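Below you'll find the structure, written out as structure tokens, and then a few comments.
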Amino acid sequence: MEVKLIPSLRKPNHLEIWAGETLIKTVDNSLFKKKIREITNSSNIHEKLEILEKKIALNYVIFLLSRRAYSSHELKNKMKERLISTASQQYVLSQVSPYLDDEKLLESIVRVEKSKGKGERAIVRKVATRLGLSLQEASRIVESGYCFQDQVDNAITLLKKKPLLQKEKALRFLVGRGYSYSAASQAVRNRHALDSEEME
């Protein structure tokens with residue numbers, strides 16, 4: 001049976017593998033590149049393609065993890081984007097699971113976002129997106145490590161960098177950075193009280 005590699009018309013930068021008149025698989029050209037040509041001369045193309053896909057997917061995930069920390073959810077999405085089969089995704093995640101620590105990643109996200117001056121709502125959205133959690137789950141997790149007074153203190157620190165903001169603009173600024181309305185208004189009141197004391 002003749003095996004052909006044809007550029008995909010539906011997905012740019014992808015190749016379609018055809019055996020006769022049957023489409024076997026669409027693969028990401030940037031991942032498979034020249035390696036796919038090795039199996040086109042093979043008689044058992046399905047088996048060889050599955051083995052090659054697992055090997056390429058594992059190398060891709062190792063490359064990603066060498067750059068920064070990822071959650072298992074993020075890695076699964078990255079592999080889906082590259083059209084890697086579910087079986088290969090599960091194989092790869094089982095191979096790299098000893099190197100994934102979603103708990104440590106969560107702590108890191110919260111710490112980094114706090115240091116950037118982000119509020120609780122912004123951090124909850126980031127955690128939900130990166131770890132694949134619902135907003136309620138992420139909110140429950142983040143609230144346990146980010147109390148109201150911490151939010152107010154961080155908001156005041158952020159306002160010190162913007163001393164000329166009027167009350168309304170300062171409040172909008174903080175809410176835009178992900179602070180709850182109550183934490184933002186408390187920070188604005190405290191900052192205004194501090195400014196008044198300094199003027200006296």
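Every number in this text was worked out from the coordinates using simple rules, so none of it is lab data. Here the structure is a predicted model, which is why all the values come from computation and not from measurement. Heads up, the Cβs are rebuilt from the backbone with ideal geometry, glycines too, and the neighbour counts pull from every protein chain shown.
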Environment charge of T157, counting only residues whose C-beta is closer than 11 Å and scoring Lys/Arg +1, Asp/Glu -1
+3
Using Cα pairs under 8 angstrom and six or more residues apart, how large is the relative contact order of region 65-177, in percent?
27
Net dipole in debye of the chain [+1 Lys, Arg Cβ; -1 Asp, Glu Cβ; about Cα centre; nearest 20]
620
Final fewest-first order of I51, I141, I156 on the 10 Å Cβ neighbour count is I51, I156, I141
Measure nothing fancy, just the Cα-based angle from helix 148-160's long axis to the longest principal axis of the chain, in degrees from 0 to 90, nearest 10.
80
Nearest 20 debye, what's the magnitude of the dipole of region 101-146 about its Cα centre given +1 on Lys and Arg Cβ and -1 on Asp and Glu Cβ?
300
Packing-based exposure ordering (other Cβ within 10 Å, fewest first) of L58, L159
L58, L159
As I understand it, the dipole of region 3-99 uses +1 on the Cβ of Lys and Arg and -1 on the Cβ of Asp and Glu, about the Cα centre. Which of L93, S66, H14 lies farthest toward its positive end?
S66
Using +1 on the beta carbon of Lys and Arg, -1 on that of Asp and Glu, and nothing else charged, what's the dipole of region 3-99 about the Cα centre, debye to 20?
320
Tilt of helix 181-199 relative to the longest C-alpha principal axis of the chain, in degrees (0 to 90, nearest 10)?
40
Under Stokes-Einstein, the chain at 10 °C and 1.306 mPa s, with its Kirkwood radius over C-alpha pairs, diffuses with a coefficient in µm²/s of 78
